[in-house]
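**Student:** Sending over a structure as structure tokens; questions will come in a sec.
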Amino acid sequence: MKTVFNIARAELQTLFFSPVAWLIIIIFTFQCSMGYTEHLESWQKYFAQGYKSSGVSMDLYANQVGGMFYNILSYLYLYIPLLTMGLMSREFHSGSVKLLYSSPINNAQIVFGKFLSMMVYGLILIAIVMVYVLFSWSVIKDFEIRAIMVGVLGLYMVILAYAAIGLFMSSLTSYQVVAAMGTLAVLAALNFVGTLWQDVEFVRDITYWLTIGGRAGWFIVGMFTSEDFLYFLIVMGLFLVLSIIRLNAVRQKSRWTASSGKYALVISTALMLGYFSSRPLLMFFYDATSTKFNTLTPNSQEVIKKLDGDLTITTYVNILDDQNLYIAYPKAVLSDILRFRQYTRFKPETKLKYVYYYDSVKNPGLERRYPKLNMKEKLKKILETYEMNEKLVVEPEVVRKQIDLSGEGRTFVRSIERGNGKQTFLRIYDDQMVFPGETEITAALKRLTLDKLPKAGFLHGHGERDNTLEGDRNYNRFAADKPFRYSLLNQGFDVADVTLDKEVPDDINILVIADMKVSLDTTEKKFLDNYIARGGNLLIAGETKRQTAMDELIAPFGVRFVPGQLVVKGKTQLPDFIVSKPTADAGDLIYILGEMHKYKLVVTMPGAVGLDYSTDKGFDVAPLLMSDSLSWNEMETTNFIDDTVRLNPAAGEVQKAYPTALALSRKVGNKTQKIMILGDADCISNGEISISRQNIPAANFSLIRSAFFWMSDNEVPIDVRRPQSTDDAIALNKKSMFTSKLALVWVLPGLMILTALIGWVRRRSR
């Protein structure tokens, strides 16, 4: 071991006698200082203007655009080859390698000694990085030190991996420039290899594992992963052993063919170790962030704990649905698998399968491109474009025997199935995100853990809003529209139509009555009363000019729809456009409304009526939304485009803030009955969910989520909240920021230059 240390010391002396090592340190420090202080100063100015935000730590270091760690990675790619190019090349070029060979030093000691010198130099670079980390720790409130230190570890592992590759390339030639270029070529190849042979299942695992690009990504965001850590160790070991084999071959003057078997054995061993280290069952993770940002939320983890036994996620890819084929065609499979990485972390035995088939599907674009081709001919055209083998594609009849996909329109869909036979679908959506997030994936998994899903029934037969997509802008898309991410079906509910010509089915947990135009008859009223008496939950959405038909529904709860229509004078909107705000107390009942109140989000109601209520019917009543205090119940004007509204108390018009949404609850047996009443049905229609208006921060869909979350006893939609980061302040003002910038950008690199000059003068004096 002493020999290894002596070689490392000698190598470091040689390294620092040259200007390259000092130049890299100085430039590295200057670049880090410039990028870091620029980013920090932008945050200081942001807070100085009175804005509030959190997550400063990770933004400074882990932001892919301007984050310090990502900037450093782009430097290392160039710097390390310049350092390692002379490790062995210099010995070969000068002939000093003969002195090493003639001394009682073996090749392993030479390689490990050279590598140890790079480890020490890497620590010097890391020490420079730690200057910024420690400074951040001192000025940023609740700095994410643990997560940032995981990122620092990732940077150091990258340095060592690059150094091991550079050492091997330096052992292949006596020309330092060739060694540097060779190192860059190997690094480029290791970045590119992950894209090769991705359509061959076993081979793609090997080539994907080999890729070095992005290996530090999880470290940078504060997540320690055993797969990536072992990858760096295996790469280091691989290239160090290859260097030893190379030096043995040079020392013994053996032919390259004699060493090829050793090379093959070492590379095969490394690939095998890498393959096994990337198996989910053998992985270890540690999320160092304070909010566990990289980890599933506790509610999702609880759902997974209940999924005992086998779990298989089968992705069905219809080739003729070519607008979605890019998601998981063979060359994209590994990228697609990564979308479930957080889930396989907690259930590593999960099986991920892919079935490629073709069948009829609604695809107007394909029909326009190939109007005269039959289904088989269209298939061949698409396979040619995506360079796919036709042998991978299953015939329609085979898939139809396996599973019925007609209800999903035979578009891209995943089937999730437990070992006990329970099955559900996980879809993609027609929005910008496309892919399901944690809320949707966990909701699908939760379906497999419940004996009885929360079920929402939509009353029809009295002119109510429809819950199917028939082209009407006011249909209740939130109910069962499969391509709509936030539909109840995708958030963990079952949905059904309900009529009151018989008892409401026992499995209905929530009954929705929206904009009923015709009153219930005696029989229907009886069945509704029976549902209410058993403790069934209700969502009742009224509408203007429907008070007569719907007042009898809500009278037993001590609530009535205020006569007339709510109006308020505004400069930009019609008087009947009501903006309702969540009350301060609403968040105590439903956290979603609390977030709306916190961020000053509103619910838009184009045509609403106010609500009056009493508390003498045995219900606890809580106003959830309130209109503006300048609003009133207009009794006279009906044409809000041509006529001008005027407050007329003599006509029974009262100006005040009216409740537009109420939450009522009471104990019925061993459960709590929950009823929500809205003064407008349009606010939960597709039109209001999707529309945006300038300077009106509407969040109508949050009202829908709030209602069903509360009435499902907080079961679904899944609560995936995380704690808020508390690193939301910087202890720097304009003056101290200027001083800090001066010290880091000019003084710190200046000290490096001064140290280099002193060393150079001392060497000259000797």
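A short reminder: the numbers here are calculations on the coordinates, not readings from a lab. This one's a predicted model, so the numbers in the text were calculated from it and none came from an experiment. Don't worry about glycine lacking a Cβ; one is built from the backbone with ideal geometry, like all the others, and counts go over all protein chains shown.
**Student:** Scaled to the compact-protein estimate 2.2 N^0.38 Å, what is the alpha-carbon radius of gyration of the range 455-711, rounded to two decimal places?
**Tutor:** Working: Rg = 17.5 Å, N = 257, 2.2 N^0.38 = 18.1 Å.
Normalised Rg, Cα atoms only: 0.97.
**Student:** Suppose R0 equals 60 Å; then what is the FRET efficiency for HIS93 and ALA743 from their Cβ-Cβ distance, rounded to the nearest 0.05?
**Tutor:** 0.90
**Student:** Once the dipole of the chain is set up with Lys and Arg at +1 and Asp and Glu at -1 on Cβ about the Cα centre, which of LEU732, PHE458, PHE435 lies farthest towards its positive end?
**Tutor:** Toward the positive end, the furthest listed residue is LEU732.
**Student:** For Cα pairs less than 8 Å apart in space and 6+ apart in sequence, what is the mean separation divided by the residue count of the range 2-289, i.e. the relative contact order in percent?
**Tutor:** With pairs under 8 Å counted, the relative contact order is 21 percent.
**Student:** Using a Förster radius of 41 Å, what is the FRET efficiency between LYS376 and ALA264 based on their Cβ-Cβ separation? Nearest 0.05, please.
**Tutor:** E between LYS376 and ALA264, to the nearest 0.05, is 0.40.
**Student:** Now for a different question. Order of ASP680, ASP643 from fewest to most other C-beta atoms within 10 Å?
**Tutor:** Going from sparsest to densest Cβ surroundings: ASP643, ASP680.
**Student:** Show the residues, 5+ positions off or on another chain, whose built amide H is closer than 5 Å to the amide H of VAL602.
**Tutor:** For VAL602, the qualifying residues are ALA698, ALA699.
**Student:** From the residues GLY687, THR637, THR572, which one has its Cα farthest along the dipole of the range 561-706 in the positive direction, the dipole being from +1 and -1 charges on Cβ of Lys/Arg and Asp/Glu about the Cα centre?
**Tutor:** The Cα lying farthest towards the positive end belongs to GLY687.
**Student:** Can you work out the PRE-style zone for VAL518? Point 7 Å along Cα to Cβ, and I want the residues of the range 543-566 with backbone N under 14 Å.
**Tutor:** Residues passing the 14 Å test: 549.
**Student:** Right, another one. Could you line up VAL559, VAL111, VAL398 from fewest to most neighbouring Cβ atoms inside 10 Å?
**Tutor:** VAL398, VAL559, VAL111
**Student:** Multiply the residue separation of ASP551 and MET181 by 0.36 nm, subtract the distance between their alpha-carbon atoms, and state the gained length in nm to one decimal.
**Tutor:** 125.0 nm
**Student:** State, as an integer percentage, the relative contact order of the range 455-711 based on alpha-carbon contacts under 8 Å between residues 6 or more apart.
**Tutor:** In percent, rounded to a whole number, it is 20.
**Student:** Where both partners of a DSSP beta bridge lie in the range 455-711, what percent of those bridges are antiparallel, to the nearest 5?
**Tutor:** The answer is about 60 percent antiparallel.
**Student:** Principal axis lengths of the chain from Cα atoms, whole Å, largest first?
**Tutor:** Each principal axis gives a Cα extent; for the chain these are 109, 71, 54 Å.
**Student:** Alpha carbon centre of the range 413-450 versus the range 630-684: separation in Å?
**Tutor:** Here the answer is 38 Å between Cα centres.
**Student:** Once every DSSP H run of n ≥ 4 in the chain is given -39500 (n - 2.57) and the sum is divided by its residues, what mean residue ellipticity at 222 nm do you get, rounded to the nearest 500 deg cm²/dmol?
**Tutor:** -14500 deg cm²/dmol
**Student:** Moving to a separate point now. Relative to a virtual label point 7 Å from the Cα of GLN573 in the Cα→beta-carbon direction, which members of the range 608-623 show backbone nitrogen distances below 11 Å?
**Tutor:** Flagged as within label range: 608.
**Student:** Moving to a separate point now. Under a Cβ-only charge scheme (Lys and Arg +1, Asp and Glu -1), can you give me the dipole magnitude of the range 298-447 about the Cα centre, in debye to the nearest 20?
**Tutor:** Value, rounded to 20: 140 debye.
**Student:** Of all beta bridges DSSP finds with both residues in the chain, what is the antiparallel percent, to the nearest 5?
**Tutor:** Working: 43 of 70 bridges.
Counting only bridges with both partners in the chain, antiparallel ones make up about 60 percent.
**Student:** Would you be so kind as to identify which of ASN530, LEU12, ILE159 lies farthest towards the positive end of the dipole of the chain, taking Lys and Arg as +1 and Asp and Glu as -1 on Cβ and the Cα centre as origin?
**Tutor:** LEU12
**Student:** Also, quick follow-up: In the range 366-420, which trypsin sites (Lys or Arg not before Pro) fall in coil by DSSP and have 11 or fewer other Cβ atoms within 10 Å?
**Tutor:** Counting only loop positions with at most 11 other Cβ atoms within 10 Å, the trypsin sites (Lys or Arg not before Pro) in the range 366-420 are LYS372.
**Student:** Determine the dipole magnitude for the range 2-289: charges of +1 sit on the beta-carbon of Lys and Arg, -1 on that of Asp and Glu, nothing else is charged, the reference point is the Cα centre, and the result goes in debye to the nearest 20.
**Tutor:** 1060 debye
**Student:** Give the calculated FRET efficiency between TYR51 and ARG251 to the nearest 0.05, with a Förster radius of 56 Å applied to their Cβ-Cβ distance.
**Tutor:** Numbers: r = 65 Å, r/R0 = 1.16.
With R0 = 56 Å, the Cβ-Cβ based efficiency is 0.30.
**Student:** Suppose every Lys and Arg Cβ carries +1 and every Asp and Glu Cβ carries -1, with no other charges. What dipole size does the range 534-668 come out with about its Cα centre, to the nearest 20 debye?
**Tutor:** Computed about the Cα centre, the dipole is about 340 debye.
**Student:** Per 0.36 nm of contour for each residue apart, how much would the distance between SER360 and ASP612 grow if the chain were fully extended, relative to their Cα-Cα spacing?
**Tutor:** 85.3 nm
**Student:** Could you give the length gained by full extension between SER42 and SER138, i.e. 0.36 nm per residue of separation minus their alpha carbon distance, to one decimal place?
**Tutor:** Details: separation 96, 0.36 × 96 = 34.56 nm, distance 1.77 nm.
Difference between extended and current length: 32.8 nm.
**Student:** Follow-up. What are the ³J(HN,Hα) values, in whole Hz, obtained from phi via the Karplus relation 6.51 cos²θ - 1.76 cosθ + 1.60 with θ = phi - 60°, for each residue of the range 354-360 in sequence order, with x given for Gly and Pro?
**Tutor:** Couplings: 10, 10, 9, 8, 9, 6, 4 Hz.
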